[in-house]
Structure formats: structure tokens, C-alpha cells
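Working notes, structure below.
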Amino acid sequence: MGKGFLIVAIIATLILALVIFSGQAPEVAKVEQKTTFSIHGPDAVELGKLAEYSVSLDGQVCFSDLNQQVTWQVTNAKPVETGRTKVVVLSDQLGTFTVRASFSGLVAEKVVRVDPRPLVEIVGLKTWIHPGQWYNVQVNFVGVTRPALKLQKVLETGRRVDVSPSIWEKYNLDEIVVHECGNYVLVAEGKTLSTGRVVRAEFPLTVTPYIQRGYTGFDWDKENLVQLTPEDRLAIRFFLEGELGIETELLIKGSKTRDANRVSAEYVFYKDNTRRDVIVYQTNVQDQGDTVRKVWQNAVKGIDGRYRYVSWDDFIVAVRVNDSPTSMVSRASDSDSSPVTGGNSPSSQSPSPGIDDPSPSPPI
């Protein structure tokens with residue numbers, strides 16, 4: 001009985017081992033490999049621009065080991081160049097276009113947005129304005145984000161610096177005011193809708209003083225004359241262009257010079273320390289003084305064909321509008337005519353409103 005029991009035990013052990021091993025055998029997981037076929041290129045382009053699109057298969061761009069050609073289809077745009085794995089598309093209308101690629105039963109599509117060609121421009125503003133006055137400005141833009149306006153001052157060296165809000169103000173994109181005279185550049189910047197690059201427009205701007213006609217008689221020896229700035233000279237030039245039709249640059253040093261202590265002219269422009277924010281002009285001025293100053297002189301042809309004679313130094317600008325420069329600005333010892341008596345005669349003084357008249361000049 002002992003021998004039979006041992007045989008039965010061995011058989012049972014073998015059967016149990018077989019059951020255990022057959023029930024816990026590990027299964028091998030099956031991994032499904034997915035093929036990727038993709039189109040690469042910009043998601044947005046600008047109207048009238050070329051864009052290139054290519055395809056990749058499982059991350060590989062080159063299909064040199066395959067014999068089959070990629071088939072391209074372009075909707076709402078013009079394919080201008082088609083290659084083995086790429087196509088160049090011309091976007092000729094706003095909206096969207098679709099690029100479709102087929103290869104060995106695989107298909108990929110890409111929808112592309114067509115934005116307007118970017119444009120930013122500043123219009124509706126004169127190249128010169130006066131300080132402290134609001135002026136209308138118009139900023140046109142397409143294909144870009146809403147532009148931001150900034151003002152830069154042009155220094156005498158030509159370098160630009162940003163202007164602080166205390167010197168200028170803006171109302172949206174519609175109006176600006178500048179509180180200090182000088183040469184500036186108004187800048188409008190926006191970012192393109194397609195690529196985000198910056199597009200800008202620049203507008204040169206000169207803020208000039210007011211020019212007003214006054215009662216006070218001009219005095220050659222007056223000690224309180226204020227030196228004219230470049231902006232003052234530019235304001236005078238604009239005034240003469242509007243009043244006399246002189247369409248050339250004036251007041252450029254390098255013209256002929258002469259010593260002078262008297263003036264006889266139709267227009268005389270100057271500033272004094274009682275009105276530093278405006279330029280005064282008087283008409284039909286005749287005056288002689290003791291001070292001898294060196295002046296520059298130039299002859300400028302007007303639109304009527306006649307010459308205007310302009311004389312100036314750092315403090316005054318004199319203009320004679322007849323056909324002869326004689327006696328305009330000279331020394332009293334010059335042999336041209338009898339000396340001019342000092343001061344203005346009552347008839348030479350301006351009958352126009354006083355210096356507080358707020359009307360700007362040049363005339364609008």
C-alpha cells in the first residue's frame with residue numbers, strides 16, 4: 001500500500017504543476033504601428049504672396065526610396081510650382097485656401113488663411129503745426145493689429161528720442177497736440193495678422209511758433225530781441241511760401257554777407273523777450289541804428305517770376321518784395337540813398353490787431 005500511495009502522489013503533483021504553468025503563461029502585447037502623413041507650411045499668408053508646403057511620412061521629409069509621386073490639389077489659390085514632395089502656392093484672393101496631398105492611399109489636408117497685405121499710413125496732417133493746439137490725424141491700416149502712436153524728437157545730431165507724455169498728447173488715432181516747438185517724427189506701429197512682424201509708418205512733423213502781426217515799431221538797436229531758433233526760421237519760411245509764393249528753402253547760411261545798421265523792407269520778422277512764444281512781423285519797416293551787424297543775403301524767385309530779396313541774421317529776417325535789393329539791409333554809409341531816420345514812422349506801423357490776436361500763421 002505504501003508503494004501505491006507514492007505513485008499516486010507523484011502523478012497528482014505532476015498534474016498540479018501542469019495546471020499551474022499552463023494558467024500563468026504571459027501573453028505578448030500586440031502594438032499597432034500608425035502611419036503619419038502630414039503637410040507642413042504656414043497657417044496664414046498675405047494676399048499676393050508665395051507660400052511653400054511640403055509633406056512628411058512618419059517624420060521623414062524625403063521620399064527618395066519610393067517610386068510613387070505625391071499628388072497635390074489646391075483649392076482657391078494657384079499652385080505655381082509642384083515638386084515630388086512640395087508645392088508652391090500663390091494666394092490670389094482673401095479668405096482661405098486648401099492644400100491637399102495624396103500618397104499611396106494616404107491623404108493630408110491643410111486650410112490656410114489669407115490676410116490682406118499689411119499697410120500702415122499716416123494722412124490728414126500737415127508737416128507743420130503750432131504748439132498747444134489739437135490737430136486731426138488719420139491713421140489708415142489693414143492686415144495689421146490696431147497701430148500704436150508714438151512721437152520721437154529729432155535732435156540736432158539727427159538722433160531720435162522718444163517724447164514723454166508731458167510734451168505731447170493723443171486722442172485715440174484721431175487727434176494729437178504737441179506742447180513744445182521742435183522737429184519730430186510721428187510713428188504708427190502695428191503687427192501683421194499673418195506673421196506678427198512689425199509694420200510702421202513715419203510722418204515728419206515740425207512744431208513752429210505762431211507768427212502774428214503787431215503794433216510795436218521795430219527798433220534796430222533793441223536789446224531785448226531773442227535769437228531765432230531753427231523752428232522759428234522754418235515758421236517764417238512757411239509764412240513766406242504762403243504769403244509770397246516763395247517755394248524754395250530760405251535762410252540758409254552760406255549766402256553773401258554784408259555789414260548793416262539799417263533796414264528798409266516790406267516785411268521784418270523778429271522775437272523779443274516779452275513774447276517769446278510768438279514771432280512778430282511788421283510791414284513797411286524803415287529803421288536805422290548804431291549797432292553794425294553782419295547779415296546774410298539771398299535772392300529768391302517767386303512763382304510770379306519776380307525776385308524777392310531776403311536778409312537775415314540770428315535775430316531778424318527782412319524781406320523786400322520789389323525788384324531791387326537797394327537799401328533793404330545795408331550800412332548807412334553805403335552810397336545808395338539818403339540815410340533812413342531812426343525808428344518807424346507812424347504810417348509804417350501795422351494797423352492790424354494787436355499781438356494778442358490768437359489767429360495762427362501760416363494761414364490755413
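Every number in this text was worked out from the coordinates using simple rules, so none of it is lab data. These numbers were taken from a predicted model, which means no experiment stands behind them. Using ideal geometry, Cβ is built from the backbone for each residue, glycine included, and neighbour counts are taken over all protein chains shown.
Just list whichever of 49/86; 49/126; 126/222; 34/110; 34/78; 222/294 have alpha carbons separated by over 23 Å in the model shown. From 49/86; 49/126; 126/222; 34/110; 34/78; 222/294, over 23 Å: 49/126; 126/222; 34/78. The HN-Hα couplings worked out from phi for the stretch 161-167 by the Karplus form 6.51 cos²θ - 1.76 cosθ + 1.60 (θ = phi - 60°) are 10, 5, 9, 6, x, 6, 9 Hz, whole numbers, x standing for Gly and Pro.
Residue-wise HN-Hα couplings along the stretch 122-135, as the Karplus relation 6.51 cos²θ - 1.76 cosθ + 1.60 with θ = phi - 60° gives them from phi, are 10, 9, x, 9, 6, 6, 10, 9, 9, x, x, 10, 6, 10 Hz; Gly and Pro carry x. Measuring r between the beta carbons of residue 38 and residue 94 and using R0 = 25 Å, the FRET efficiency lands at 0.45.
May I ask you to derive the FRET efficiency for residue 75 and residue 203 from their Cβ-Cβ distance with R0 = 56 Å, giving the value to the nearest 0.05?
On the way: r = 42 Å, r/R0 = 0.74.
For residue 75 and residue 203, the calculated efficiency is 0.85.
Rg and Dmax over the alpha-carbon atoms of the stretch 119-207 stand at 13.1, 39 Å.
Taking amide H as placed 1.01 Å from N in the peptide plane, residue 193 has its amide H under 5 Å from the amide H of 144, 145, each at least 5 places away in sequence or on another chain. Pick out, in residue order, every one of the trypsin sites (Lys or Arg not before Pro) in the stretch 105-152 that is DSSP loop and has at most 15 other C-beta atoms within 10 Å; say none if there are none. Here the sparse-neighbourhood loop sites are 126.
Rg over Rh of the stretch 37-115, using C-alpha atoms and the Kirkwood radius, what does it come to? Present the calculation step by step, with values, prior to reporting the outcome.
Details: Rg = 12.3 Å, Rh = 12.6 Å.
A ratio of 0.97.
Here's how it looks for residue 184: its modeled amide H is under 5 Å from those of 154, 205, 206, 207, which are all 5 or more places away or on a different chain. Each Lys or Arg adds one and each Asp or Glu subtracts one; over the other residues with Cβ under 13 Å from the Cβ of residue 221, this totals -2. The string of couplings for the stretch 223-235 from the Karplus curve (6.51, -1.76, 1.60, θ = phi - 60°) is 8, 9, 5, 9, 5, 6, 8, x, 5, 4, 5, 5, 4 Hz, one whole number per residue in order, with x for Gly and Pro.
Among 153-164, 173-184, 286-297, what's the highest-first ranking by average C-beta atoms within 10 angstrom per residue? Don't skip to the answer; put the middle values down first.
On the way: 153-164: 11.4, 173-184: 17.7, 286-297: 16.1.
Peptide ranking by packing, descending: 173-184, 286-297, 153-164.
Please give the length that would be gained between residue 273 and residue 49 if that part of the chain were fully extended, namely 0.36 nm times their separation in residues minus their C-alpha to C-alpha distance (nm, one decimal).
74.7 nm
Each Lys and Arg adds +1 at its Cβ and each Asp and Glu adds -1 at its Cβ; summed about the Cα centre, the stretch 97-223 shows a dipole of about 800 debye. On the beta carbon distance between residue 301 and residue 222, with R0 = 56 Å, the FRET formula returns roughly 0.95.
Near residue 321, the amide H atoms lying under 5 Å from its own belong to 266; only residues 5 or more places off or on other chains count, and H is placed 1.01 Å from N.
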